[in-house]
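Quick notes on the structure that follows.
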Amino acid sequence: MTGHEPPTALPRTLLERPDVRSALAAHDFGTVFHVARAEAGVSYSAIAAECGIKPERVGTLAKGHGKVTSFEKIVRIADALRIPGRMVGLAPRPWETPADSPAAPRREFLKTSAAASLAVGLPELSRTPGGGRVGSDLPEKLRQRTARLRRLDDVLGGGDTYRTYLGEYQATRAMLRQRTYAQETGRALLSVLAEQAQQAGWAAFDGGRHAEARGLYEASRTAAVDAGDAELAGNALAFLAYQQLPSDRQSAVQIAARSCATAGPDAAPGVRALLYERLAWAHAVAGQAEETERALEAARDALAEVDGAPQPDWAAWVDETELQIMSGRCWTELRRPLRAVPVLENALARYDDSHARDKALYLSWLADAYLTAGEVEQAATVTGRVLDLSSGVASVRPRERLAPVLRRLGEHQGVSAVAAVLEQARA
């Protein structure tokens, strides 16, 4: 470890203890605080000062009451206690050495490769603030640039992409305020702004910045409505519904239904397929099997209409494989493993490992379905694949998604395959 060493930094030997590793993996920071004081002599007041938490809150957490859930606070605790990012589901922290972060070479390779591929053909734009009239061709150039930058999300998590996407959104928003343009060009710029806000909001959500994500989704919806872009307005609602799950399931279902109605029947087939599959997911999480089936059928019907016709880039990733995966996820949530397992196995066999975050997430539902079916050893094997794929990915979602699967596997610790994967998770 390099640079300033905070007074709350925990010894490596303590961090590597099985009980501490298990607590860190579960984001049980109360246990970590208790151990830090009892065995490393780090006072609660010092922890509070370094982590930006009230002293009484630290004590309450140490007694087993409450939980730390915000991305920003988890990052602050990791830095204050010098907890390597991999131990709490974060990207490697700036102070880590290569020895602290065994996944760093892989992540750096992916980032470098992605940057190199994006450098070819990425439109360079003049963003000089102040006066000057925006040409009518600029919105399309911006849209092409946004589409190219979206490819980063194929290989990197929101922890790596958020600042890039947010910068694009902020630059376009400043241009709308500071430059002059024709009315039609202004509407087109607002449409691009809505698309960029959704992209930044998704990265924020993926990186655990939920408040920022909601604000960006709301801003996107406002911009889309002002631009008269019903498709993007509908997609903004779909994002809001997705974020609402599972805390308020009925509200999420209502918002997802509104997203389909907002885009309307004249929306591009790919857009309708995307919105209906997200509606299906909301119904599934709410436990509504018949409604889930109807929404999946509507998504399949819409996808059948695509037939090679151009679709908006932000919806073009929805294809038959993605729809099969969503179907499998829905049936897993509805505890229908006989329907979920075959479709997930078939679709994920064609899903490349280079999409590490997404494949890890999707495999977690396959592991869940195997558990529901009583196939414990197979669930453990798939869980091991999830852990391998998600290692070093700057996204909080794979680890969050896997947590309940690991808890269920914990009921079968006597099975050797389960014991091995639980040890892998702790490591």
For Tyr242, the lone unmet condition from (1) within 24 Å of Tyr169 (Cα to Cα); (2) surrounded by fewer than 21 Cβ atoms within 10 Å (Cβ to Cβ); (3) free of Cβ contacts under 8 Å to residues at least 40 places away in the same chain; (4) not β-branched (Val, Ile, Thr) is (3)
| query | Does the stretch 273-280 contain at least one residue that is out of contact with any Pro (no Cβ under 6 Å at 6 or more places or on another chain) and surrounded by fewer than 21 Cβ atoms within 10 Å (Cβ to Cβ)? | reply | no
Of the listed residues (Ala309, Ala380, Ala302), the one being at pLDDT below 95 and on the phi < 0 side of the Ramachandran plot is Ala309
Given the conditions (1) among the acidic types (Asp, Glu); (2) over 17 Å from Val421 (Cβ atoms); (3) assigned by TED's automatic domain parsing to the domain that holds Arg426, every one holds for Glu375 apart from (2)
Filtering the stretch 161-184 down to residues that are charged (D, E, K, R), surrounded by 14 or more Cβ atoms within 10 Å (Cβ to Cβ) and more than 30 Å from Val393 (Cβ to Cβ) yields Arg179
Exactly one of Leu334, Leu338, Leu366 is at pLDDT 90 or above and under 24 Å from Asp153 (Cβ atoms), and that residue is Leu366
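Can you confirm whether Ser354 is of a type outside the set (A, V, I, L, M, F, W, C), buried (at least 16 other Cβ atoms within 10 Å of the Cβ) and assigned by TED's automatic domain parsing to the domain that holds Ser395?
no
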Scanning the stretch 380-408 residue by residue, the ones that are under 14 Å from Leu361 (Cα atoms), among the small types (Gly, Ala, Ser) and part of a helix (DSSP H, G or I) total 3
Filtering the stretch 165-209 down to residues that are touching a residue at least 24 places away in the same chain (Cβ under 8 Å), among the polar types (S, T, N, Q) and assigned to a helix (DSSP H, G or I) yields Thr172, Gln178, Thr185, Ser191, Gln196, Gln198, Gln199
Given the conditions (1) surrounded by fewer than 18 Cβ atoms within 10 Å (Cβ to Cβ); (2) over 17 Å from Pro6 (Cα atoms), every one holds for Gly52 apart from (2)
*Determine whether Tyr351 is under 18 Å from Glu320 (Cα atoms), touching a Ser or Thr at 6+ places or on another chain (Cβ under 7 Å) and not hydrophobic (A, V, I, L, M, F, W, C).*
yes
Q) On the given criteria, is Phe33 modelled with pLDDT of 90 or more, aromatic (Phe, Trp, Tyr), crowded, with 21+ Cβ neighbours inside 10 Å and in contact with a Gly (Cβ under 9 Å, 6 or more places away or on another chain)? A) yes
In the stretch 404-427, anything surrounded by fewer than 15 Cβ atoms within 10 Å (Cβ to Cβ), under 27 Å from the mean Cα position of the chain (by Cα) and more than 14 Å from Ala379 (Cβ to Cβ) is listed as Glu423, Ala427
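The values are calculated or read from the model by the stated rules, or taken from the named source; none is laboratory data. These numbers come from a predicted model, not from an experiment. FYI the Cβ positions are ideal-geometry reconstructions off the backbone, even for glycines, and counts take in every protein chain you see.
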